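The values are calculated or read from the model by the stated rules, or taken from the named source; none is laboratory data. Predicted model, so just to flag it, every value in this text is computed and none were measured. Because the Cβ atoms are built from the backbone with ideal geometry, glycine has one as well, and the counts that use them run over all protein chains shown. Heads up: the accessible areas ignore ligands, DNA and RNA and are worked out on the full protein's heavy atoms, side chains in. Shrake-Rupley method; radii C 1.70, N 1.55, O 1.52, S 1.80 Å.
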Amino acid sequence: MKKIKRPQKNWKKFWKLGMEEFNTQYFDVNQNGDLVVKEGYYQYNIMDIVKKYGTVTRVFFPFILENRVRDLIELFNAYIKILNYRGKFYYHYVMKSNQNRDFVLAAIAEGAHIEVSSANELFLVKRMLEQDKFNRKIRITCNGPKTEQYIGLIEELREKGLIVIPIIENGEELNRLKKFKGEVGIRVNLDLKVDAHWDKKYNHFGFAEEELIKISKIRNLSMLHYHISTQNEKIEGFIKPLKRAIALYAILKQHNPNLDTINFGGGMAVPYEKRKKLFSTKNLVLQMIKTAKRESNKLGVRHPNLVCEWGSYFTAPSQITIFKILAEKNIFKKPDTKWYFIDGSFIAHLTDTWSPVHHKWHFVTANHLNTRRLQKVWFAGSTCDSDDRYTASGAYVLLPKFTEDVPDLYLVVFDTGSYQDTFQNSHCLLSKPAMVICQNGEVKLSRKRQTPEEIGKLFGWNGDHK
Ligand SMILES: *Cc1c(COP(=O)(O)O)cnc(C)c1O
């Protein structure tokens, strides 16, 4: 049996904690071998959360989200100034990447604008407006197909004084919005490919470049929007589309003089696996502004304002999910690896693991991180589905080994803050996890774990079990 690598002295480094390039700079191991998270001089011990709230629990760290939002806005504005770029920068928080109230409010507090993808998300924006949660200068881009209800809300919020920009997706919307009094955007399906997961040969979003050029004049057009893919791991994947979009912007501007903004969508990669370093955000931002400046100067057009709709880049690293490891089991015909069974599920709680994305994650435990005895493992989830597992594509995950000194283990999965909360489902009637928030040194329960009564109700089993 091949020997496995053993941690030497630096537990923190061994578990890939405290590394900015992996977004783990706030995580550390304390003297007991517990996982801790540091917010300035406050410190949270994940085992305290486990003891108080049990598992499965999601833990949200608003300061991580806030720092990321603030840093990115500052970075763009700094390079805009240094490079003497004439356009402005707007960051729009992508509601669909995490609609939890605490996430949305944290991002807005740091100066984020908003992007919504459905009427129901826009309804939440209306709620926030009624509750005075933001200042009225906020800008809202509206993506996704527009139902009458959606357009009704867009019109209502515009009349209330918000800058609500519907992004036109198809010919019906173009017609329907002809009399819209505010600015509109239009989505283009750029004719190029980048090397990323969702970059499909046939794309059903937006208009082809040629179609847009043919339409020519679009009333109140201010924004050209594209969204190429997600988890885009190469700088070229941002620069190529930007160049192409600026060429189109220059053409469209001839008949649409108010067009002044390019919205480059989402797709910024998150280093989920923490194996290799990705490019730095700083370098990417520098390259993007240089490109925007050079290309628009070349074509003799005004530097466009830039709108960013990165979603997971902000939300993913702001949350972890904790499970209990319930049991271990031999893997038949694979003697060097064991199954570790968790009290939650890769299908119900980390749904992207099971979706076509085949999401990879970084795992550590909340306790015993200073043990020298490790075990190669695969994970099994708690639903009865044979796909409810994580086998690291046939490789393995290293975790502490169960021994007399290590009788209990809690699993921590990193970067669970984007999309998983809405993708979650009730397979085998597993409960929705509890949600806990760590902020300013305080740990508070934001949402209780779903009870048997609550989950039963969703399926018609009312209180008296009629
Ligand atoms: C999903 C989506 C985003 C965010 O994508 P990420 O990969 O999470 O950055 C941004 N804009 C649009 C239009 C989207 O559909």
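Summary table
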{"quantity": "Filtered residues of segment 434-466 (kept if of a type in the set (D, E, K, R), exposed (fewer than 11 other Cβ atoms within 10 Å of the Cβ) and outside any strand (DSSP E or B))", "calculated": "ASP464, LYS466"}
{"quantity": "Hits in segment 94-117 (condition: over 21 Å from ILE437 (Cβ atoms) and within 11 Å of the ligand (Cβ to nearest atom))", "calculated": "GLU115, VAL116, SER117"}
{"quantity": "Any hit, segment 80-93, residues being assigned to a helix (DSSP H, G or I), open to solvent by less than 40 Å² (accessible area, probe 1.4 Å) and touching a residue at least 40 places away in the same chain (Cβ under 8 Å)", "calculated": "yes"}
{"quantity": "Index of the failed condition, THR383 passing every other in (1) open to solvent by 60 Å² or more (accessible area, probe 1.4 Å); (2) in a loop (DSSP other than H, G, I, E, B)", "calculated": "(1)"}
{"quantity": "Residue that is nearest to PHE323 (Cα to Cα) [pool: residues in segment 386-407 that are open to solvent by less than 50 Å² (accessible area, probe 1.4 Å) and out of contact with any strand residue (DSSP E or B) (no Cβ under 6 Å at 6 or more places or on another chain)]", "calculated": "ASP388"}
{"quantity": "Condition check for LYS243: of a type outside the set (A, V, I, L, M), modelled with pLDDT of 95 or more, away from the ligand (no atom under 12 Å from the Cβ) and assigned to a loop (DSSP other than H, G, I, E, B)", "calculated": "no"}
{"quantity": "GLY266 vs. criteria assigned to a helix (DSSP H, G or I) and under 19 Å from the mean Cα position of the chain (by Cα)", "calculated": "no"}
{"quantity": "Listing of strands (runs of 3 or more DSSP E) fully contained in segment 278-361 that carry 2 or more residues being farther than 29 Å from ALA245 by Cα", "calculated": "319-330, 337-342"}
{"quantity": "Filtered residues of segment 270-305 (kept if polar (S, T, N, Q) and farther than 26 Å from HIS358 by Cα)", "calculated": "ASN283, GLN287, THR291, SER296, ASN297, ASN305"}
{"quantity": "Candidate set: segment 142-182, residues that are exposed (fewer than 12 other Cβ atoms within 10 Å of the Cβ) and either of a type outside the set (Asp, Glu) or closer than 21 Å to ALA112 by Cα (or both); chosen: the one nearest to the ligand (Cβ to nearest atom)", "calculated": "THR147"}
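Each row is one residue, and each column tells you yes or no for (1) buried (at least 21 other Cβ atoms within 10 Å of the Cβ); (2) closer than 22 Å to GLY87 by Cα.
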residue	(1), (2)
PHE205	no, no
ILE213	no, no
SER222	no, yes
LYS234	no, no
ILE251	no, yes
PHE264	yes, yes
ARG275	no, no
ARG302	no, yes
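Matching residues to (1) open to solvent by 10 Å² or more (accessible area, probe 1.4 Å); (2) in contact with a strand residue (DSSP E or B) (Cβ under 7 Å, 6 or more places away or on another chain):
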site	(1), (2)
ASP336	yes, yes
LEU350	no, yes
VAL357	yes, no
HIS362	yes, no
ALA366	no, yes
ASN370	yes, yes
